[in-house]
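J.: The structure is given below, and queries will be raised subsequently.
Each reported figure results from applying straightforward, stated rules to the coordinates on display, with no laboratory input. Every value quoted in this text rests on a predicted model; they were computed, and no experiment measured them. Neighbour counts are summed over all protein chains in view; Cβ atoms, including those assigned to glycine, are modelled from backbone coordinates with ideal geometry.
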Amino acid sequence: MAIEARELDVACEWLCGVWRGDEVGRERKEGRGWVDVGMRERYGVRYLRITREVAFPTSTVVDASDKAVDEDSDDEVPDEDEEIIERSSACEMQQLRTRVCYDIDHSASYQVPVVYISLPDLSPAAASSPEQVYSLIVPNAYKSQIQAVGTMGALSMGEHPVTGSPAWFVHPCLTQDAMRAVSEREANLSPEMYLMRWFGVIGSSIGLSVPIEVVQAVQTYSREAEVGSDNIGTIRVP
């Protein structure tokens, strides 16, 4: 199932509108970590950026709090010191989060969306570490599928086609295979619904599940579209 660049652009603009709309409202930032959705343009290339926040593994928090107390000491900790430790641990909890940027572009060769992932708050060494990246963005249910090349795709390190910076990406040939399976079940999809299916097949495997508030807004859109809008196009199936 292919999608043209202009169709993907329409779908991405639509998602930005959903994100900004009243249906999502103030609760949008409480969805699955999405903190921003918007179109970007550089060197004449437009792409969608979704930014979300993820938490570091909790073991890091435990290690940080353990360092506040001498593990070999049997002395009682004064009340005021306990309060300081509690506040310190709470601050660690709040600080141990990092941004993940997902840039969704169009692959001219494969005629499918391709996503480039960057972690701007991490050091270059940490951001290029497969173990670190997998632990931060790949849900446990998908780890074995991501680590082995399959229909869900595999993460590879490469160069962002627009910014030129190092980025992780899901190879578009694997996306093409996965979306072809979707076409076997749904022959005609609007660009908007194509993008939603892409999130379900590819996005969910890399921590980019759609927040419930956005899903509800999309369901409202879908019902209205079924009533009969002649302006909604369909994606072709080769």
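J.: Would you mind counting up the charge near Val201? Only other residues with Cβ under 14 Å from its Cβ, with Lys and Arg at +1 and Asp and Glu at -1.
T.: Once positives and negatives cancel, what remains is 0.
J.: In what sequence, highest mean first, do 10-19, 202-211 appear when ranked by Cβ atoms within 10 angstrom?
T.: So the peptides 10-19, 202-211, ranked by packing, come out 202-211, 10-19.
J.: Once both labels are modelled 7 Å past Cα along the beta-carbon direction, what's the Ala126-Lys143 spacing in nm?
T.: Result for the modelled spin labels: 1.9 nm.
J.: Simple spin-label model, 7 Å along Cα-to-Cβ: Met157 to Leu96 in nm?
T.: Going from the Met157 label point to the Leu96 one covers 2.4 nm.
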